[in-house]
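Peer 1: My questions all concern the structure below.
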Amino acid sequence: MTRILIVPGLFGSGEGHWQRYWLQDHPDVRLVEQDDWDFPSIGSWMDKLEVALEEAGEAYIVAHSLGCLLTARLAGRPAARRVKGALLVAPCDIPTTEALHAGHVSFGTMPTEALPFPSMTVGSLNDIYMSLDRLSMFGRLWNSDVRNIGLAGHINIASGFGRWPSGYGFLEMLKARSRHRRPQAFSTAIAASI
């Protein structure tokens, strides 16, 4: 069975957050921890994500907020080959997040490379951490399927998302997409022959 790795955002996903329910609901789900959820270090957090992927062999990633940016930074790294797909829920915009939580985030610039694995980015019309225009732009840059779920805020506890059962539907759509994905070498060979 392919493991699911949960990658929370800044401050972690506390009790009552949909990611915590996913951990309780499924024995194959594992949380990618880090040293300090209040002041995340991108280097050590990336190390922990890469170790978790190595241990899993292959995995789906379900990320929220700042965890989406960490996941997007896998592009170009060897560990990316172990990612079956990534569900990126309510990614945050670094300049906005740094302004809202001064001193807590030092993540550099926004990742802009296309993701080498299937992904779905879920956002909303009124997320204070990322505007819909920016969500659409980064979705295109990441080559991700973008889904707008309306007035859903940051898709967290504060915006009324506890268990979030419809999130499982997005993960199932992502899994179906990754099952029908052609191997990269095969796709490149076909493109070269056209």
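Laboratory data are not the source of any read-out in this text; all were calculated from the coordinates shown. None of the values given here were measured: they were computed from a predicted structure. Ideal geometry is used to build each Cβ from the backbone, glycine not excepted, and the neighbour counts take in all protein chains shown.
Peer 1: If each residue's Cβ is checked for other Cβ atoms within 10 Å, how do HIS64, HIS101, HIS17 rank with the fewest at the top?
Peer 2: Final ranking by Cβ density, sparse to dense: HIS101, HIS17, HIS64.
Peer 1: Rank the residues PHE107, PHE39, PHE161 as a footprinting-exposure proxy: fewest other Cβ atoms within 10 Å of their Cβ go first.
Peer 2: In increasing order of surrounding Cβ atoms, one gets PHE39, PHE107, PHE161.
Peer 1: Run the quick spin-label model on ARG140 and PHE39: label points 7 Å from Cα toward the beta carbon, then report their separation in nm to one decimal.
Peer 2: In this crude label model, ARG140 to PHE39 measures out at 3.9 nm.
Peer 1: Once the dipole of the chain is set up with Lys and Arg at +1 and Asp and Glu at -1 on Cβ about the Cα centre, which of GLY153, LEU88, GLY12 lies farthest towards its positive end?
Peer 2: Going by the charge dipole, the pick is LEU88.
Peer 1: Which of THR71, THR112, THR121 moves most in a GNM of the chain, Cα contacts under 10 Å?
Peer 2: THR112
Peer 1: How much mean residue ellipticity at 222 nm does the chain get from its helices, if each DSSP H run of length 4 or more adds -39500 (n - 2.57) and you divide by all residues, to the nearest 500 deg cm²/dmol?
Peer 2: Mean residue ellipticity, 222 nm, calculated: -11000 deg cm²/dmol.
Peer 1: Continuing with this model, one more query. Taking each pair of distinct Cα atoms in segment 112-151 once, what is the resulting Kirkwood hydrodynamic radius in Å?
Peer 2: 10.2 Å
Peer 1: Quick one: length gained pulling TYR168 to ARG30 fully straight, 0.36 nm per residue minus the C-alpha distance?
Peer 2: Additional length available on full extension: 48.1 nm.
Peer 1: Residue farthest toward the positive end of the dipole of segment 3-193, with Cβ of Lys/Arg at +1 and Asp/Glu at -1: which of ALA52, THR109, ASN143?
Peer 2: It is ASN143.
Peer 1: Place a +1 charge on the Cβ of each Lys and Arg in segment 3-193 and a -1 charge on the Cβ of each Asp and Glu, then give the dipole magnitude about the Cα centre in debye, rounded to the nearest 20.
Peer 2: With Lys and Arg at +1 and Asp and Glu at -1, about 860 debye.
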